[in-house]
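Values in this text are rule-based calculations from the coordinates and carry no lab data. Quantities reported herein were computed from a predicted structural model and do not represent experimental measurements. Here Cβ is always computed from backbone atoms with ideal geometry, including for glycine, and neighbour counts include all displayed protein chains.
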Amino acid sequence: MHVTPQRVRLRYGDTMSAGELAALIAMLQAQSWVRDLHQRSASCSLVIDLAEGCSELRWRLSLADHGVDLEDPALEPPAPEAAWERMARQVGGNMIGASVGQLVLGGGAGVVGTWLLGPRIGLILGAGGALVGSVVGSVAGGELADGESPLRRGDLGSVSLSKLGGRLGEEAGWSTGRLIGAALAGPAGAVAGMTIGSMLAGQAAEDLISSRGRGSGVGRLSWLVRLGEDQAGEQATASLLGNLGRGLSGGQEWGGQLGTRLGGYVGRKIDWAGSWSRRQLVSRLQPRSAVPAT
């Protein structure tokens with residue numbers, strides 16, 4: 001059914017027999033609350049013009065007394081959204097937000113720094129602004145792409161700092177690990193230090209912020225094992241999509257970098273530790289349950 005203040009449309013569908021339809025029409029024409037009745041064969045519906053002063057409760061009770069079961073599409077709960085649909089939308093938001101953040105903050109900081117303090121300082125400020133802009137833009141883009149994110153409702157305080165802290169921790173761990181690794185083992189140590197530093201610092205910062213330091217398990221063996229499983233899956237995804245992007249772009253480096261970045265975003269949305277144990281991919285995002293009808 002579809003209801004307006006003085007009209008009710010009943011769609012009976014093409015499965016109703018001619019006898020049942022004729023009986024329904026005859027019953028409706030005999031009701032005192034029906035002012036006029038029109039049959040729309042093309043849409044398989046009956047349009048009822050209500051009598052003056054007829055309330056919705058009156059015609060609903062009358063139809064129920066005559067055994068007519070009504071279904072109102074407006075009251076049907078929406079279908080729950082799959083976790084993978086949310087993940088795809090958030091990955092797109094992450095990539096767009098990171099690019100915009102790099103351009104706006106990095107370019108703005110570089111221009112202002114060059115104007116006030118000279119080209120060398122402007123270059124340093126531009127690089128730092130691009131780094132911060134990439135992190136902030138990535139998190140903000142993913143939140144804005146999520147239809148039910150608090151950020152879309154203007155509630156900035158409800159957006160968890162663990163996402164920003166985790167990404168900033170990755171960058172800090174990357175730089176620190178590179179310096180320590182290079183000092184200990186040269187170029188090979190720098191590569192290993194970047195990987196291990198970003199992995200440990202990023203996850204530790206995110207877990208510590210989200211749990212406020214209580215019960216996070218940071219540093220324990222189980223935490224390290226789970227972290228290793230997650231990072232192995234993320235790195236494999238980034239490498240796979242990086243090679244795929246390089247192949248699709250004809251061996252161009254921009255294609256490989258785009259694929260690697262996309263793989264990194266996708267890899268962070270998958271619970272790899274849970275996927276290994278269940279032998280199937282498990283999204284970190286929980287599917288939204290349907291909103292109950294009222």
Quiz item: What do you get when you divide the Cα radius of gyration of segment 2-75 by 2.2 N^0.38 Å, with N the number of residues?
Solution: 1.04
Quiz item: Karplus couplings for segment 236-249 from phi (6.51 cos²θ - 1.76 cosθ + 1.60, θ = phi - 60°), rounded to Hz, Gly and Pro as x?
Solution: 5, 5, 4, 5, 5, 6, x, 5, 5, x, 5, x, 5, 8
Self-check item: Per-pair calculated FRET efficiency, R0 = 35 Å: Ser99 and Arg60 via Cβ, rounded to 0.05
Solution: 0.05
Practice problem: For segment 236-278, compute Rh as the Kirkwood radius over C-alpha pairs and then the Stokes-Einstein diffusion coefficient at 10 °C and 1.306 mPa s; write the answer in µm²/s, rounded to an integer. | Solution: 152 µm²/s
Self-check item: Simple spin-label estimate for Ala232 and Gln252 in nanometres, 7 Å along Cα-Cβ
Solution: 3.6 nm
Quiz item: For Trp272, Trp33, what ranking results if the residue with the fewest other Cβ atoms within 10 Å of its Cβ goes first?
Solution: Trp33, Trp272
Exercise. Kindly put Cys54, Cys44 in sequence by how many other C-beta atoms sit within 10 Å of each C-beta, fewest to most.
Key: Cys44, Cys54
